[in-house]
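The values are calculated or read from the model by the stated rules, or taken from the named source; none is laboratory data. Being a predicted model, the structure only gives us computed values, none of them experimental. Heads up, the Cβs are rebuilt from the backbone with ideal geometry, glycines too, and the neighbour counts pull from every protein chain shown.
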Amino acid sequence: MAKTSAIGAGERRGLMFVLSSPSGAGKSTLSRMLIEKTPGMRMSVSVTTRAKRPGEVDGQHYHFIDQAKFDAMVKQQELLEHAAVFDHHYGTPRKPVENALTAGEDVLFDIDWQGTQQLREKARDDVVSVFILPPSAEDLERRLHTRAQDSDEVIRGRMSRATHELSHWAEYDYVVINSDLDAAFAETETILRAERLKRERQTGLSAFVRALQEQLQG
């Protein structure tokens with residue numbers, strides 16, 4: 001009797017795991033936690049035309065490029081998605097993501113609703129999207145001030161933009177309210193675990209079941 005291969009049963013295609021939220025609602029913190037605590041996941045490193053902030057490292061947080069290079073990447077269809085945010089441009093390089101998915105690795109995206117829509121248009125079956133909500137407007141504003149990264153004027157702009165961003169929450173597969181960071185992380189991780197187990201993503205499952213059927217018939 002042939003022995004069923006457990007390895008074949010575990011083979012799967014990677015997925016694009018998207019976190020979006022208004023600025024300050026916690027998606028970047030949750031993203032860092034997922035990368036630190038979740039094996040088999042890598043962060044998508046976007047290109048951007050904005051300047052580096054203190055502590056940021058080129059190639060780790062973003063690939064910092066000029067507008068001419070960005071426009072060339074768009075023209076040559078080297079980006080899976082791209083968007084203008086606060087007068088700067090952001091985009092996701094296509095090749096590293098496609099290579100990771102084929103190798104069975106998950107790719108985490110910290111992007112806005114515009115980028116999420118573009119990913120869906122190009123690779124709907126590979127995308128799992130989660131929208132992170134703040135518990136209140138007051139809490140969102142407090143978090144923006146606590147970060148101490150932006151001026152009062154920029155914070156007012158982010159709060160104004162949040163209203164528009166929130167209007168897209170229903171386009172996402174899942175919604176998590178980040179009133180408690182640990183609880184929000186547990187919910188987000190549960191979503192990822194469940195999506196990894198979906199039948200259509202387990203590329204080795206058909207062969208595994210056929211081998212199991214042969215064993216039972218033998």
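So the values come out like this:
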{"item": "Test: residue in region 108-123 that is loosely packed, with under 13 Cβ neighbours inside 10 Å, at pLDDT below 95 and more than 20 Å from the chain's Cα centre (by Cα)", "result": "no"}
{"item": "Residue list for region 74-124, restricted to those being of a type in the set (V, I, T) and without any contact (Cβ under 8 Å) to a residue 40 or more places away in the chain", "result": "V74, V85"}
{"item": "Where a residue in region 125-140 is modelled with pLDDT of 90 or more and its partner, wherever it lies, is among the charged types (D, E, K, R), with Cβ under 6 Å and at least six apart", "result": "V127/R120; V128/D173; V128/E195; S129/D173; I132/K27"}
{"item": "Scan of region 28-63 for residues that are farther than 20 Å from A184 by Cβ and either assigned to a strand (DSSP E or B) or basic (K, R) (or both), ordered by number", "result": "R42, V47, T48, R50, K52, R53, D58, Y62, H63"}
{"item": "For F208: the one exception among (1) more than 30 Å from T102 (Cβ to Cβ); (2) modelled with pLDDT under 95; (3) assigned to a helix (DSSP H, G or I)", "result": "(1)"}
